[in-house]
Amino acid sequence: SAYSVGPYFSLVSELVTFVILSLITAIAYVLARYFETRIVAVITLVGGSLSPVILGELSLVNTEYVVYLLVLVSANLHLARKIDWPVLAQLSFLLSVGMLEHSAYGSVVGGAAAMLLYLGFFNLFAYYWSFHGLRLKETLSRTDLGILISNLFYLLYSVISASVNPVVGACLLAVNAALFGGVLYLFQIMRSVAAPVFIMITASLVAAALFVVSPLNIMGALWAAE
């Protein structure tokens, strides 16, 4: 209903729509957290994320919607950890990636804002499936590894597909790679079981930054070297 009065019928502004949707998310989070009611969390997640599909208007998948989706997914990942229900986190990952890909958000909207939002989802999922609070997980399950690697390759695919200035895209990827390098050093991940995964992620971000700005006639040589 909130999504209908906003982008669909334009009865209220985008800002008001975002506030209403965020308020609904907050109320649902409190209810699900207090009563540990999984169905409330699932209904809110599915209803909020699939609103454009339900309304039959994928054109409504704009930057405001994707920002809301990031907030919605963040709340549900936190809730999944609090009520100890991993299925909610996995569903959040699948729905968000599915909506971004189904709507072709990056290639349709493009720009630095779209790139930053993709990186926001990427970092959020990388953090959730690697850490507990500020403590690195002692072991990584098959699910953890599967989602971390899927998350990385979806980001790389999105970067290649997105309509963004190559220099801007390369700079954002390089900054994110530096962020991961800082995490490697700060949390002494090189001594942990997650070291190979984080090294692969950092190296892949650096490689993607190079590929984005490289001329096509040397792309084969770059791929071969990588």
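Which of the trypsin sites (Lys or Arg not before Pro) found in segment 86-185 are loop residues per DSSP with 16 or fewer other Cβ atoms within 10 Å of their Cβ?
Values: sites: R135, K137, R142; in loops: K137.
The qualifying sites are K137.
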Worksheet item: When only C-alpha pairs under 8 Å and at least 6 residues apart count, what is the relative contact order of segment 1-78, in percent?
Response: 31 percent
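For the chain, which whole-number percentage of the solvent-accessible area (1.4 Å probe, protein heavy atoms only) is attributable to carbon and sulfur atoms? Don't jump to the answer; show the numbers that get you there.
Values: 8060 of 11620 Å².
Ligands and nucleic acids excluded, carbon and sulfur give 69 percent.
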Discussion item. Using the crude model of +1 on Lys and Arg Cβ and -1 on Asp and Glu Cβ, and no other charge, please compute the dipole size for segment 69-221 relative to its Cα centre, in debye to 20.
Written reply: 280 debye
Discussion item. Given Cβ point charges of +1 (Lys, Arg) and -1 (Asp, Glu) and nothing else, what value in debye, to the nearest 20, does the dipole of segment 7-82 about its Cα centre take?
Written reply: 380 debye
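When only C-alpha pairs under 8 Å and at least 6 residues apart count, what is the relative contact order of the chain, in percent? Provide the component values of the computation, followed by the final result.
On the way: 205 pairs, mean separation 33.0, N = 226.
Relative contact order, the chain: 15 percent.
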Worksheet item: Which one of Y185, L21, W223 is farthest out on the positive end of the charge dipole of the chain, using unit charges on Cβ (Lys, Arg +1; Asp, Glu -1) and the Cα centre as origin?
Response: Y185
Discussion item. Skipping prolines and chain starts, which residues have an amide H placed within reach, meaning under 5 Å, of the one on F131, given they are 5 or more residues away or on another chain?
Written reply: K137
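In Å², what does the accessible area per residue of segment 119-199 work out to with a 1.4 Å probe? Can you show the working numbers first?
On the way: 4250 Å² over 81 residues.
Spelled out: the 1.4 Å probe surface of segment 119-199, per residue, equals 53 Å².
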Practice prompt. Give me the accessible area per residue for segment 1-112, probe 1.4 Å, as a whole number in Å².
Written response: 50 Å²
Response to the item:
Taking the dipole of the chain about the Cα centre (Lys, Arg +1; Asp, Glu -1; charges at Cβ), the one of G110, F125, S163 that reaches farthest to the positive side is F125
Response to the item:
For segment 122-226, averaging the sequence separation of alpha carbon pairs under 8 Å that lie six or more residues apart and dividing by its residue count, the contact order in percent is 29 percent
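Would segment 29-164 count as rounded, prolate or oblate if I go by the C-alpha gyration tensor, calling it rounded below 1.5 in a/c and otherwise prolate when a/b exceeds b/c, oblate otherwise? Let's see the in-between values first.
Numbers: a/c = 2.19, a/b = 1.24, b/c = 1.77.
Verdict is oblate for segment 29-164.
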Practice prompt. Tabulate in residue order the Karplus-calculated ³J(HN,Hα) for segment 159-174, using 6.51 cos²θ - 1.76 cosθ + 1.60 with θ = phi - 60°, rounded to whole Hz; enter x for Gly and Pro.
Written response: 5, 5, 7, 6, 8, 9, 4, x, 5, 4, x, 5, 5, 5, 5, 5
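The values are calculated or read from the model by the stated rules, or taken from the named source; none is laboratory data. Worth saying up front: this structure is predicted, and the values here are computed from it rather than measured. Because the Cβ atoms are built from the backbone with ideal geometry, glycine has one as well, and the counts that use them run over all protein chains shown. Calculation scope for accessible area: heavy atoms of the full protein, side chains included, ligands and nucleic acids excluded. Shrake-Rupley method; radii C 1.70, N 1.55, O 1.52, S 1.80 Å.
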